[in-house]
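Written below as structure tokens is the structure these notes are about.
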Amino acid sequence: MKSHMITGGGGIQLHLAETGNPRGRPIVFIHGVSQSWLAWTRQMSSELADNYRLVAMDMRGHGLSDKPREGYADSRLWADDVQAAIQALNLDHPILCGWSYGPLVILDYLRHHGEDGICGVNFVGGVTKLGSDDAASVLTADFLSLVPGFFSVDVEESVRSLDSLLRLCFAQNLSTEDRYRMLGYSVSVPPYLRQALFSRSFDNDDLLPRLRKPVLITHGSDDAVVKSAVIDQQMVRITSAKIRMMANAGHACFWNDAAAYNRCLQEFAEAL
């Protein structure tokens, strides 16, 4: 596993992990709020590495990337982070794969840099808008009830909320080792940063119908964070989308049934 530090939007330092076939088609994985590149362990260490060049980002403010106080409201900075990863690692028309909040970052990239530099997109348990009643309508009540705790500076309340989020994300029980590893990198993200991410307000209704590159939408049937209604209310605007519902999988469907998800992603990549 290689580790890279690159310069992202606004000059901050971003961490990327890389593995796999250096001559294969690149796949860039972008995690969700208060996560890290380690969320993609079951992809980075899978058979996908035999044929594909796999890169997982630590988003700005997460993992080993810089955690500035500002710079989270500007979609251009998020877009430039993804562009920096593509350019710094010389990724030839990668597939961009985003989980949960990750699709919003991908859409930031597509808005500012277009589709010419990529070959396809995979949205996993994702949403396309924030900061409105319409955006909140596809989020579950259980998830929304945890949001105030994400912003708390009280350590016990913050940890309690983040631990509850992990339980919501996974339809199957986590091992003790996995749970505490995930909780560790979740807690390492400062409360001010989580608040900044959820304070963004925008939609991509104008952008979605203009997407022409292939899009794979993957959603767990038991997702306890993002309702399946997101497909009819938001994703339906993407005319190029292929939808794959994963049975008995939760918000982190790529973890719950990694083998099935990896096959799905590989089939998508092979068809490009």
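Hey, what number do you get for the chain at 222 nm if only DSSP H runs of n ≥ 4 count, each worth -39500 (n - 2.57), divided across all residues, to the nearest 500?
Details: 12 runs with 105 residues, N = 272.
Rounded to the nearest 500, it is -11000 deg cm²/dmol.
Whenever you get a sec, compute what percent of the accessible area on segment 103-248 sits on carbon and sulfur atoms (1.4 Å probe). Please list the in-between numbers first.
Working: 3240 of 6400 Å².
Accessible surface attributable to carbon and sulfur in segment 103-248 totals 51 percent.
Please give me the summed charge of the neighbours of ILE12: other residues whose Cβ is under 14 Å from its Cβ, Lys and Arg +1, Asp and Glu -1. Walk me through the numbers on the way to the answer.
Values: positive: ARG60, LYS67, ARG69, ARG76; negative: ASP58, ASP66, GLU70, ASP74, ASP80, ASP81.
Result for the local shell: -2.
Based on the mean of other Cβ atoms within 10 Å per residue, sort peptides 151-158, 246-253, 121-128 so the most packed one is first.
Details: 151-158: 13.5, 246-253: 22.2, 121-128: 26.4.
Most protected by this proxy first, the peptides run 121-128, 246-253, 151-158.
Indicate the gyration tensor shape class of segment 63-138 (rounded, prolate or oblate), computed on the Cα atoms with a ≥ b ≥ c the square roots of the eigenvalues: a/c under 1.5 is rounded; otherwise a/b larger than b/c is prolate and the rest oblate. Cα axes put segment 63-138 in the oblate bin. Shown is the FRET efficiency for ALA259 and ARG167, computed with R0 = 22 Å from the Cβ-Cβ distance and rounded to the nearest 0.05: 0.45. Quick one: check the C-alpha center-to-center distance for segment 188-214 versus segment 1-38, whole angstrom. Segment 188-214 and segment 1-38 have Cα centres spaced 19 Å from each other.
Quick check: from the Cα gyration tensor, does the chain come out rounded (a/c under 1.5), prolate or oblate? Present the calculation step by step, with values, prior to reporting the outcome.
Working: a/c = 1.21, a/b = 1.17, b/c = 1.04.
Rounded, because the longest to shortest axis ratio a/c is under 1.5.
The charge dipole of the chain, taken about the Cα centre with unit charges on the Cβ atoms of Lys, Arg (+1) and Asp, Glu (-1), comes to about 380 debye, rounded to the nearest 20.
Other residues lying with their Cβ under 9 Å from the Cβ of LEU193 contribute a combined charge of +4, Lys and Arg counting +1, Asp and Glu -1.
Taking all protein chains in place and a 1.4 Å probe, what share, in percent, of the accessible surface of segment 28-80 do carbon and sulfur account for?
Working: 850 of 1840 Å².
Here it works out to 46 percent.
Relative contact order of the chain: 19 percent, from C-alpha pairs under 8 Å at least 6 residues apart in sequence.
Cross-link pairs exceeding 25 Å in C-alpha to C-alpha distance, out of LYS67/LYS242; LYS129/LYS227; LYS129/LYS213; LYS129/LYS242, comprise LYS67/LYS242. When the charge dipole of the chain is built from unit charges on Cβ atoms (+1 for Lys and Arg, -1 for Asp and Glu) and taken about the Cα centre, the candidate among TYR192, TYR109, GLY250 whose Cα reaches farthest toward its positive end is TYR109.
Give, in nm to one decimal, the length gained when the segment between ARG23 and ARG76 is fully stretched (0.36 nm per residue of separation minus the Cα-Cα distance).
Working: separation 53, 0.36 × 53 = 19.08 nm, distance 2.99 nm.
Going from the current span to full extension adds 16.1 nm.
Extension gain for the segment ASN90 to ALA247, taken as residue separation times 0.36 nm less the Cα-Cα distance, is 52.9 nm to one decimal. Whole percent per 10 Å bin, from 0 to the bin with the longest distance: what is P(r) over all C-alpha pairs of segment 147-204? Per 10 Å bin, starting at zero, the Cα-Cα P(r) for segment 147-204 comes out as 22, 49, 25, 4 percent.
Taking every Cα-Cα distance in segment 1-98 and sorting them into 10 Å bins starting at zero, the pair-distance distribution P(r) comes out as 17, 53, 26, 4 percent. Remark: the chain carries 40 Å² of accessible area per residue (probe radius 1.4 Å; ligands, DNA and RNA excluded). Is the shape of segment 28-157 best called rounded, prolate or oblate, per the rule: a/c under 1.5 gives rounded, else a/b larger than b/c gives prolate, else oblate, with a ≥ b ≥ c the square roots of the Cα gyration tensor eigenvalues? Note, shape of segment 28-157 comes out prolate.
The values are calculated or read from the model by the stated rules, or taken from the named source; none is laboratory data. Nothing here was measured: the structure is a model prediction, and the numbers come from that model. Glycine gets a Cβ as well: all are built from the backbone with ideal geometry, and neighbour counts include every protein chain shown. Heads up: the accessible areas ignore ligands, DNA and RNA and are worked out on the full protein's heavy atoms, side chains in. Shrake-Rupley method; radii C 1.70, N 1.55, O 1.52, S 1.80 Å.
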